[in-house]
Structure formats: C-alpha cells, structure tokens
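Asker: Dropping a structure here in structure tokens format, bear with me for questions.
The values are calculated or read from the model by the stated rules, or taken from the named source; none is laboratory data. This is a predicted model, so every value here is computed, not measured. As a convention, Cβ positions derive from the backbone with ideal geometry for all residues, glycine included, and neighbour counts pool all protein chains shown. Side chains included, ligands, DNA and RNA excluded: accessible areas come from the protein's heavy atoms. Shrake-Rupley method; radii C 1.70, N 1.55, O 1.52, S 1.80 Å.
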Amino acid sequence: MVARIRVPQDAKRGDVIRIAVLVQHPMETGYRLDADGKKVPKNVIRSLVCRYNGVEVFRAQLSPGIAANPFLEFPTIAAESGELEFTWVDDAGVRGSAKQAIAVA
Amino acid sequence: MKRRGFLSGVVVLPVAGRVGKAFAQTEPKRGRVKLELPVLADNGNSVPMKVRVESPMSEADHVKSIRLLSERNPEREMAVFHLGPRAGAAEISTRVRLAGSQVVTAIAEMSDGSQWMDSAHVQVTLSACVDGS
C-alpha cells in the first residue's frame, strides 16, 4: 500500500500546520459485486495513526463510509524538526506505514 | 426489498438521541461544531467534507474526539477522529461515501465531557454502492 503525505515546507516552531495524507486502498464496502456476480469481501482501513517523533498526534477510526483511497487532513503544532510516521491496518490485517521528514525553523 | 428492510432498521431513531444514550449521559448540544458538506453531491462515492470545532485546544480545554455519523449508510459511524492539545486546532477534512441523500452529523467530545454537534443535509444524485442497490 502506498501513501502520499503532504507537510508544509516553511513551518515555524509553534505554528499550527496542516498535514494531509492519502493512502492507496480500495476501501471495499462488502456490497460491491465482482465480474462474476460474487460479493467482494469487505476490506477497509480501520485504524490510522500519525506519530510525530514517536508521539501520537492524530488517530482515526475509519469505516466503509470513507471514500476509496482515504484522504485525511488534520492540524498539528510544529514542535520540532523530525519525522512524521503514519501506520494503518485494514480488515485483512495488512499493515502499512509511511514516513515523511518535517523541517521546523 | 432487502435494502428497504435494512434501512428501516437503521433510521428509526433520531441521530442525537441514539448517540447521546450510547456514549454519554448528556445529549450533544448544537453549537461549537461546524460541519461543511456540499448541498448537492453528484457522486456519493466521494464527497468532500470538513468539520471544525471551536476550542482553545489547550491541555485543560480541548477536543478529544469527533465522530461522524450517517443517517443512511449501513455503518452509521463513518469515522472517529481522536485529537489532543498537540493538534493546536480542531479542523479535519476527508472524503466520505454516502448511500443516498441524508443528514450527516458530527459530534465533538470535549475534554470536560461535554458534547457538541452540527449536522448537514446532502442531496446525493448518484448513491455510493454501499447498500447493494
């Protein structure tokens, strides 16, 4: 699973910045039929966590009510330079993660 | 037919009443939360949505969680977002799936336990295929 993470390039310490993440995932609802008319089993990302230098700053519980390739944008305080790490897990138990460096002036 | 039966079980009770009983002693009050959704969505598969909560987001007074509820989706709870003072602000954007025209509700739970809500009606031209119809 691939993810894209957007962080501001000109963050200053103490600023409230907006982080955006988009994870490639079909978010199968369990109601869709495949070409043979069989139900495609439900498989959505249930949980997604963002850690900023190891500290959890945002967590989301998702459901089939979130569009495919889930997109989330949320605020966080630019505390210091370092790394944002996203981890997520879907109904099939497949885990994914992505990292993005962040520079804070 | 299947869909009718399913929906009738889902939309019997008003959103606020159900949630109020399930998660807290008090019913959520209207205010402090602003839920932005388009009035008309061409495609229910991906509807942009933004929710904002008025809060100082300090250690003593912040938004703990925001839950998004659908009136018509098979899974009523669309998402729960957990925040804290590290967020600095309470404003989240995402894209939701909507199984038809409906009222979407956002309920914020504050650090003092109080709950605030807002709702928005969305007219969906093409439903997301979440209920098999």
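Asker: Restrict the check to region A:6-21 and report whether at least one residue is in contact with a Leu (Cβ under 6 Å, 6 or more places away or on another chain) and under 19 Å from B:Val63 (Cβ atoms).
Answerer: Looking through region A:6-21, none of the residues is in contact with a Leu (Cβ under 6 Å, 6 or more places away or on another chain) and under 19 Å from B:Val63 (Cβ atoms).
Asker: Would region B:20-28 turn up any residue that is open to solvent by less than 60 Å² (accessible area, probe 1.4 Å), under 26 Å from A:Val57 (Cα atoms) and at pLDDT 95 or above?
Answerer: No, because not a single residue in region B:20-28 is open to solvent by less than 60 Å² (accessible area, probe 1.4 Å), under 26 Å from A:Val57 (Cα atoms) and at pLDDT 95 or above.
Asker: Taking the stated definitions as given, is B:His121 more than 7 Å from chain A (Cβ to nearest Cβ), open to solvent by less than 30 Å² (accessible area, probe 1.4 Å) and either at pLDDT 95 or above or over 20 Å from B:Leu40 (Cα atoms) (or both)?
Answerer: No: the conditions fail for B:His121.
Asker: Identify, from the list A:Arg13, A:Arg4, the residue that is closer than 21 Å to B:Pro48 by Cα, surrounded by fewer than 16 Cβ atoms within 10 Å (Cβ to Cβ) and basic (Lys, Arg).
Answerer: A:Arg4
Asker: Does B:Leu68 satisfy the condition of being at pLDDT 90 or above, open to solvent by less than 10 Å² (accessible area, probe 1.4 Å), at negative phi and in a loop (DSSP other than H, G, I, E, B)?
Answerer: Numbers: at pLDDT 90 or above: yes; open to solvent by less than 10 Å² (accessible area, probe 1.4 Å): yes; at negative phi: yes; in a loop (DSSP other than H, G, I, E, B): no.
Answer is no for this residue.
Asker: Just checking, does region B:80-100 include any residue being among the polar types (S, T, N, Q), outside any strand (DSSP E or B) and open to solvent by 10 Å² or more (accessible area, probe 1.4 Å)? Please lay out each step first, then the result.
Answerer: To start, the set of residues in region B:80-100 that are among the polar types (S, T, N, Q) comprises B:93-94.
Filter once more, so that each one left must be outside any strand (DSSP E or B): none.
No: zero hits.
Asker: Of all residues being assigned to a strand (DSSP E or B) and open to solvent by less than 40 Å² (accessible area, probe 1.4 Å) in region B:44-65, which is nearest to A:Arg46 (Cα to Cα)? Just the residue, please.
Answerer: This residue is B:Ser65.
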